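For reference, the structure discussed in these notes is given below.
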Amino acid sequence: DPALKPYLAEQAPHIVFTPALRAFSTKVVGTETDPYRIVQTLFDAVDAIPWAGAREYATIANISDYALHAGHADCGQQTLLLIALLRLNGIPARWQSGMVYSDDAVGYNNLHDWGAVYLAPYGWVPMDVTTGRLDSPQPALRGFYLGGLDAYRIAFNDDYGQPLVPAKQHVRSDTVDSQRGEAEWSGGNLYFDQWNYDVQSHVVPLEATR
């Protein structure tokens, strides 16, 4: 399918089929040829990388390579590494990012990155390798985030590193992701510590949607 070609290709600088990536893929995938089993194996391998807060993405030359070697990664770094590995194995994969939120004051609300993988004959299915395998004795629940997503999120981006519209006149604060947007004035860029944003969510009762 020609429409899938972009999601099989390298996308420099952060999705590059380096020798180290190829070696890691060979070690993890082995002789497996079934696409779904390859996806599961690579998902588990990236899920095993410990989560850690990340430095600014714009300071990293190749994020997937960084995640492969650093011994830790955050959501976007894990996702880019998994996308790179899947594409290397001929499996279409793409980026998504946005926000996750909760329906109460004590839940988790933050920016988040995840992805999607193309599995015939089903098409695009979501994957959140940062949430990863759940601690459950039920296989379907344990693997929920490979093929499923919770409802407590909203996607703002279907790719990374894309030009802003309208284009910025000054340097970007983040050259990779853009969940919260950017700001500038005639004198220059306004970095994230120079302005605030607020996202509010409201749970609508199911009866009200009917």
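The values are calculated or read from the model by the stated rules, or taken from the named source; none is laboratory data. All values derive from a computational prediction rather than experimental measurement. Here Cβ is always computed from backbone atoms with ideal geometry, including for glycine, and neighbour counts include all displayed protein chains.
The condition (being hydrophobic (A, V, I, L, M, F, W, C), within 20 Å of Gly181 (Cα to Cα) and assigned to a loop (DSSP other than H, G, I, E, B)) is satisfied by just one residue among Ala61, Ala54: Ala54. Selection over the stretch 187-210 of residues that are under 23 Å from the mean Cα position of the chain (by Cα) and either of a type in the set (Val, Ile, Thr) or within 19 Å of Ala155 (Cα to Cα) (or both) gives a count of 5. In the stretch 99-156, of all residues being of a type in the set (S, T, N, Q) and touching a strand residue (DSSP E or B) at 6+ places or on another chain (Cβ under 9 Å), the one that is nearest to Gly181 (Cα to Cα) corresponds to Asn110. Selection within the stretch 39-69: residues that are surrounded by fewer than 16 Cβ atoms within 10 Å (Cβ to Cβ) and of a type in the set (D, E, K, R). The member of this set that is modelled with the highest pLDDT is Asp44. One residue is enough: does the stretch 152-159 have a residue meeting the conditions in contact (Cβ under 8 Å) with a residue 24 or more places away in the chain and more than 26 Å from Trp124 (Cα to Cα)? Scanning the stretch 152-159, I find no residue that is in contact (Cβ under 8 Å) with a residue 24 or more places away in the chain and more than 26 Å from Trp124 (Cα to Cα), so the answer is no. Residues that are surrounded by 14 or more Cβ atoms within 10 Å (Cβ to Cβ) and within 15 Å of Val39 (Cα to Cα) do occur in the stretch 131-140, at least one of them. Somewhere in the stretch 73-83, is a residue under 27 Å from Val171 (Cα atoms), without any contact (Cβ under 8 Å) to a residue 40 or more places away in the chain, surrounded by 12 or more Cβ atoms within 10 Å (Cβ to Cβ) and in contact with a Pro (Cβ under 9 Å, 6 or more places away or on another chain)? Within the stretch 73-83, one or more residues are under 27 Å from Val171 (Cα atoms), without any contact (Cβ under 8 Å) to a residue 40 or more places away in the chain, surrounded by 12 or more Cβ atoms within 10 Å (Cβ to Cβ) and in contact with a Pro (Cβ under 9 Å, 6 or more places away or on another chain).
Quick one: how many residues across the stretch 172-185 are loosely packed, with under 14 Cβ neighbours inside 10 Å and either of a type in the set (S, T, N, Q) or at pLDDT 95 or above (or both)? Before you say what the answer is, go through the steps one by one.
Keep residues of the stretch 172-185 that are loosely packed, with under 14 Cβ neighbours inside 10 Å, which gives 181, 185.
Next, only the ones that are either of a type in the set (S, T, N, Q) or at pLDDT 95 or above (or both) stay: 185.
Of the residues in that region, 1 qualify.
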